[in-house]
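A short reminder: the numbers here are calculations on the coordinates, not readings from a lab. Everything quoted here is computed from the prediction, not taken from an experiment. Using ideal geometry, Cβ is built from the backbone for each residue, glycine included, and neighbour counts are taken over all protein chains shown.
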Amino acid sequence: MDLEDKFAYFETQVNQQAQDVIDEQVNQYQATLQKDYDEYKQSIRREYDAKYDNAQKEMRKEFNKNISQSQIHQQRELYIQEEKLKKSLFSEFNASLQEYMQTPAYKDQLVTMIQNVKKFADQTNEEFVVYINQTDAELLDFCREETGSNVQISDRDFIGGARGVLKERQILIDYSFTTLLSHVEEEFTIKEVEG
């Protein structure tokens, strides 16, 4: 092997080694780039997944808030409508009550109320007074004659009916229409009808 061949062989070997080193460096660089790219891709995916989850949670919150506000609004509207209906019903009931108070049946009921107070007071021989409403002033003599009781006109308006007071024990026996109406109104509810 002459010098030229040696030189060519040496050049080939050096080039081969240089190419191997370059290939190794390129492979390492590519592996590093691929690793960085994969990490970046995962980081971006995690970031977007987190943003997506947060956006979904916010949308759910907003949706639930809107539903809640809608339900509150509907309940308020329902309450307002129920109150209007209740007021209308009690207005009609009050008108019917006023008509009833002009009938003989009301006079009989008034006498029965006074007699009930009298029976209760007679159990203990207690003195009592029965009050009738100012609107029933024309029935005062009738009530006294029918029951033989101490019947007076009340200075407080209670629509109709009677109130008895047992003096010794300070007991009020209340058959007034005002009390009756307030109890009915307190317990009055509008229920859903199944169809």
Label point distance in nm, Met59-Lys167, each placed 7 Å from Cα along Cα→Cβ
8.1 nm
Excluding residues fewer than 8 positions from Lys118 in its own chain, the aspartates and glutamates with Cα under 20 Å of it are Asp108, Glu126, Glu127, Asp136, Asp141, Glu145, Glu146, Glu168, Asp174
Could you work out the helix-only [θ] at 222 nm for the chain, with each DSSP H run of four or more residues adding -39,500 (n - 2.57) and the total divided by the number of residues, to the nearest 500 deg cm²/dmol?
-25500 deg cm²/dmol
Calculate, in nm to one decimal, what Thr12 and Arg76 gain on full extension: separation in residues at 0.36 nm each, minus their alpha carbon distance.
13.7 nm
Can you give the net charge of the other residues whose Cβ lies under 13 Å from the Cβ of Glu58, counting K and R as +1 and D and E as -1?
+3
Modelled FRET efficiency - R0 45 Å, Asp20 with Ser43, Cβ distances, 0.05 increments
0.85
Distance in nm between pseudo-label sites at Leu180 and Phe90 (7 Å out along the Cβ direction from Cα)
1.6 nm
Please give, to one decimal in nm, the separation of the simple spin-label points placed at Asp157 and Leu140, each 7 Å out from Cα toward the Cβ.
1.8 nm
Based on alpha-carbon centroids, what's the gap between region 10-66 and region 94-120 in Å, whole number please?
93 Å
Considering only the other residues whose Cβ falls under 15 Å of the Cβ of Lys86, what net charge follows from Lys and Arg at +1 and Asp and Glu at -1?
-4
Nearest 10 degrees, 0 to 90: helix 3-100 Cα axis against the chain principal axis
10 degrees
From the square roots a ≥ b ≥ c of the eigenvalues of the alpha-carbon gyration tensor of region 1-100, which class results: rounded (a/c under 1.5), prolate (a/b over b/c), or oblate?
prolate
Could you tally up the Lys pairs in region 1-100 with alpha carbons closer than 22 Å? Skip any pair fewer than 8 positions apart unless they're on separate chains.
4
Mean separation of Cα contacts under 8 Å (6+ apart) over length of region 104-187, as relative contact order %
29 percent
Between (1) 54, 25, 14; (2) 25, 17, 17; (3) 107, 18, 10, the structure-derived semi-axes √(5λ) of the Cα gyration tensor in Å is (3)
Radius 12 Å from Cβ of Glu77, net charge of other residues (Lys, Arg +1; Asp, Glu -1)
0
Computed lengthening from Leu3 to Ala105, 0.36 nm per intervening residue step minus Cα-Cα distance:
22.1 nm
